[in-house]
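**Student:** Below is one structure. I have some questions about it.
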Amino acid sequence: MRFRRIDPAPSLAHQIHFEGTPIPFAEGDTVAGALLAAGIGTFRTTPVTGAPRAPYCLMGSCFDCLMRIDGAENRRACMTPASNGMRVERARGPRPAGEERMP
Amino acid sequence: MTAGHDLAVIGGGLIGAAIAWGAARSGADVLLLDEGDIALRAARGNFGLVWLQGKGLGHPDYMHWSIRAGRLWPELARLLTEETGIDPEWRGGGGLNFCLSEADLAARREMIARTADAGGEIDIRLLDRAELRALAPGIGPEVLGASLSDLDGEANPLLTLRAFHTGVQRQGGTLRSNSRVQSLHPMAGGGFRIGLADGAELPAQRLVLAAGLGSETLAAQLGLTLPLRPERGQIVVTERVAPFLHHPTNTIRQTRDGTVLLGSSHEDVGFSTGTDIATIARLCNTGARLFPALAEARLMRAWGAVRILTPDGLPVYDGAPDHPGAFVVTCHSGVTLASVHALDLGPALARGRLGPAPQTMRSSRFALSPD
Ligand SMILES: Cc1cc2nc3c(=O)[nH]c(=O)nc-3n(C[C@H](O)[C@H](O)[C@H](O)COP(=O)(O)OP(=O)(O)OC[C@H]3O[C@@H](n4cnc5c(N)ncnc54)[C@H](O)[C@@H]3O)c2cc1C
């Protein structure tokens with residue numbers, strides 16, 4: 001499925017960086033909104049089975065849009081306003097903890 | 001007069017459901033009655049440990065009964081999975097009780113010695129920091145060591161409960177929810193009429209009271225003194241993180257899916273199941289002292305649930321002397337003891353006996369010592 005902006009002429013002056021690719025966003029977009037409008041379908045893979053996931057509720061309750069945003073793990077992309085230069089990556093499986101992070 | 005069910009179990013929490021399943025497996029026609037969502041249900045809010053080390057110090061019967069439960073849990077998990085298709089996610093591998101001070105280490109050393117003196121058939125040893133790091137590399141600098149016991153384990157308490165409920169029905173038993181029992185009427189010539197809050201009356205040959213905190217008033221109708229008090233425990237849950245903890249521990253668990261549970265507090269706040277920030281912060285703090293990487297993990301939710309405690313903290317297994325066929329069971333570690341309740345006690349109760357339940361755990365001990 002492809003999302004389309006209702007606003008016919010949005011001002012797309014700013015960008016976030018999705019895994020290295022610049023993605024334009026309009027004033028007021030969430031990270032999820034900007035990525036969906038750009039045709040990004042998979043936001044994360046689950047910690048348990050690795051299945052791909054995309055935003056479902058878009059209101060902060062389903063936790064299916066978790067991403068790594070500016071280095072912070074498991075942020076809800078639908079609750080995070082996009083800002084210029086933000087770095088966004090898919091959450092792949094479980095976030096690291098414990099031994100991986102330990103000296 | 002209809003004879004009704006062979007056995008009515010009142011209370012569909014971990015204790016009642018385990019007994020009902022065990023009784024149904026042994027051939028009894030079982031009715032399991034449970035109150036609705038408004039009930040206090042420890043079975044749905046607990047920490048999920050099958051915990052033996054340190055249990056029953058000063059009360060060898062309780063120690064041996066608990067250790068037996070630990071030994072039977074793998075069998076219980078296998079049977080539940082086979083018969084219901086629901087895996088209770090039991091995991092053994094040895095339980096760790098962390099020590100953050102010399103005093104903690106001394107207390108664990110004493111616990112180990114007392115367990116050995118009582119003849120406890122359980123291997124418990126004290127690990128120093130280096131040995132512990134081999135099992136749990138992520139421990140923080142304050143952790144001095146841990147006691148490790150071979151039999152401790154953990155289970156998913158919600159799946160365990162669901163497996164019991166499913167199992168009862170698979171065995172031909174009846175599970176009736178939203179059925180609050182209000183009155184118990186012994187019938188002339190044996191058997192009981194069980195009066196529900198909605199006015200229904202159900203006959204049964206025998207009955208087992210396993211209604212958690214709801215058992216106190218019902219037991220009184222059978223002439224049994226069963227003083228129970230609530231004790232709240234709060235538990236905190238984090239987001240899923242990559243597996244870093246492969247053993248059950250006294251204060252922190254990581255589930256198969258990566259979720260981390262931190263728990264649990266001990267609070268005397270009546271029947272409240274609420275949470276408070278100070279307690280949540282303390283639980284998080286302890287978690288981060290044990291595993292500093294957890295400081296980065298996000299908190300997902302917290303809840304409170306109430307434990308069911310007798311004055312001496314020990315279980316009760318008893319029959320009503322004036323009403324043969326009526327029994328009461330309660331304990332504060334219903335996950336741990338689920339295996340003996342299901343595999344030993346359920347079949348015995350179906351035949352009207354307490355079977356292997358220790359004699360020293362009758363309720364008459366409370367009637368004798370008013371406090
Ligand atoms: C925070 C916390 C952590 C815990 N951690 C552990 C742990 O790690 N390991 C462990 O072994 N144990 C643990 N426990 C204890 C464990 O949860 C309990 O021992 C167990 O749930 C007790 O089961 P129960 O069946 O007696 O009571 P409950 O689970 O409370 O069930 C009682 C049931 O009776 C029903 N009921 C009540 N009154 C009536 C009535 N009048 N008519 C019909 N039905 C009625 C209720 O609906 C309820 O379902 C913990 C408990 C808490 C609160």
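**Student:** Tell me which residues, restricted to the stretch B:41-50, are hydrophobic (A, V, I, L, M, F, W, C) and more than 6 Å from the ligand (Cβ to nearest atom).
**Tutor:** Applying the first criterion (hydrophobic (A, V, I, L, M, F, W, C)) to the stretch B:41-50 yields B:42-43, B:47, B:49-50.
Correct list: B:Val50 only.
So that you can scan it fast, the table gives a plain yes or no per residue for (1) within 14 Å of chain A (Cβ to nearest Cβ); (2) buried (at least 24 other Cβ atoms within 10 Å of the Cβ); (3) near the ligand (Cβ under 9 Å from one of its atoms); (4) touching a residue at least 60 places away in the same chain (Cβ under 8 Å):
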| position | (1), (2), (3), (4) |
| --- | --- |
| B:Ala8 | no, yes, no, yes |
| B:Ala17 | no, yes, yes, yes |
| B:Ser26 | no, no, no, yes |
| B:Asp29 | no, no, no, yes |
| B:Leu32 | no, yes, no, yes |
| B:Glu35 | no, no, yes, yes |
| B:Ile38 | no, no, yes, no |
| B:His59 | no, no, no, yes |
| B:Trp65 | no, yes, no, yes |
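**Student:** Given the conditions (1) assigned to a loop (DSSP other than H, G, I, E, B); (2) surrounded by fewer than 18 Cβ atoms within 10 Å (Cβ to Cβ); (3) touching a helix residue (DSSP H, G or I) at 6+ places or on another chain (Cβ under 9 Å), which single one is not true for A:Gly85?
**Tutor:** Here A:Gly85 meets the rest and fails (3).
**Student:** Turning to a different aspect of this structure: Do any helices (runs of 4 or more DSSP H) lying entirely in the stretch B:87-190 carry at least 1 residues that are away from every other protein chain (no Cβ under 14 Å) and within 16 Å of the ligand (Cβ to nearest atom), and which ones are they?
**Tutor:** Those helices (runs of 4 or more DSSP H) span B:157-170.
**Student:** Still on this structure, please answer the following. Look through the stretch B:228-253, keep the residues that are more than 16 Å from the chain's Cα centre (by Cα) and of a type in the set (A, V, I, L, M, F, W, C), and return whichever of them is farthest from the other protein chains (Cβ to nearest Cβ).
**Tutor:** This residue is B:Val236.
**Student:** Moving on. Could you look through the stretch B:237-284, keep only residues that are among the small types (Gly, Ala, Ser) and buried (at least 17 other Cβ atoms within 10 Å of the Cβ), and pick out the one that is farthest from B:Gln53 (Cα to Cα)? So that I can check it myself, show each step before the final result.
**Tutor:** Let us first name the residues in the stretch B:237-284 that are among the small types (Gly, Ala, Ser), namely B:242, B:258, B:263-265, B:270, B:272, B:274, B:278, B:281.
Then keep just the ones that are buried (at least 17 other Cβ atoms within 10 Å of the Cβ); that gives B:242, B:258, B:263-265.
On the way: B:Ala242: 28, B:Gly258: 25, B:Gly263: 17, B:Ser264: 17, B:Ser265: 19 Å.
Among those residues, the one meeting the criterion is B:Ala242.
**Student:** Ok, one more. Check B:Ala163, B:Ala113, B:Ala130, B:Ala155 and return the single one that is surrounded by 21 or more Cβ atoms within 10 Å (Cβ to Cβ) and out of contact with any Gly (no Cβ under 8 Å at 6 or more places or on another chain).
**Tutor:** On the way: B:Ala113 fails: surrounded by 21 or more Cβ atoms within 10 Å (Cβ to Cβ); B:Ala130 fails: surrounded by 21 or more Cβ atoms within 10 Å (Cβ to Cβ); B:Ala155 fails: out of contact with any Gly (no Cβ under 8 Å at 6 or more places or on another chain).
Selected residue: B:Ala163, the only one of B:Ala163, B:Ala113, B:Ala130, B:Ala155 that is surrounded by 21 or more Cβ atoms within 10 Å (Cβ to Cβ) and out of contact with any Gly (no Cβ under 8 Å at 6 or more places or on another chain).
**Student:** Specify the residue that is surrounded by the fewest Cβ atoms within 10 Å (Cβ to Cβ); the eligible residues are those in the stretch B:312-342 that are more than 16 Å from the ligand (Cβ to nearest atom) and not small (Gly, Ala, Ser).
**Tutor:** Here is the first cut: in the stretch B:312-342, the residues more than 16 Å from the ligand (Cβ to nearest atom) are B:319-325.
When the remaining residues are screened for being not small (Gly, Ala, Ser), the result is B:321-324.
Values: B:Pro321: 12, B:Asp322: 10, B:His323: 19, B:Pro324: 12.
Filtering first and then ranking leaves B:Asp322.
**Student:** Would you check if there is a residue in the stretch B:282-301 being closer than 27 Å to B:Pro358 by Cβ, among the hydroxyl-bearing types (Ser, Thr, Tyr), modelled with pLDDT of 95 or more and within 16 Å of the ligand (Cβ to nearest atom)?
**Tutor:** Filtering the stretch B:282-301 down to residues closer than 27 Å to B:Pro358 by Cβ leaves none.
No.
**Student:** Separate question: Give the number of residues within the stretch B:300-345 that are in contact with a strand residue (DSSP E or B) (Cβ under 7 Å, 6 or more places away or on another chain) and among the charged types (D, E, K, R).
**Tutor:** Here the count works out to 3.
**Student:** For the stretch B:271-371, please list each of the helices (runs of 4 or more DSSP H) lying entirely inside it that holds at least 2 residues being of a type in the set (D, E, K, R). So that I can check it myself, show each step before the final result.
**Tutor:** Numbers: elements: B:277-290, B:346-350, B:364-368.
The helices (runs of 4 or more DSSP H) meeting that bar are B:277-290.
**Student:** Right, here's the next one. Only residues that are within 22 Å of A:Arg75 (Cβ to Cβ) and within 13 Å of the ligand (Cβ to nearest atom): list them for the stretch B:233-254, please.
**Tutor:** The answer is B:Val236, B:Val237.
The values are calculated or read from the model by the stated rules, or taken from the named source; none is laboratory data. In this text the structure is predicted, and so the values were computed from the model without any measurement. Neighbour counts run over all protein chains shown; Cβ positions are idealised from the backbone, glycine included.
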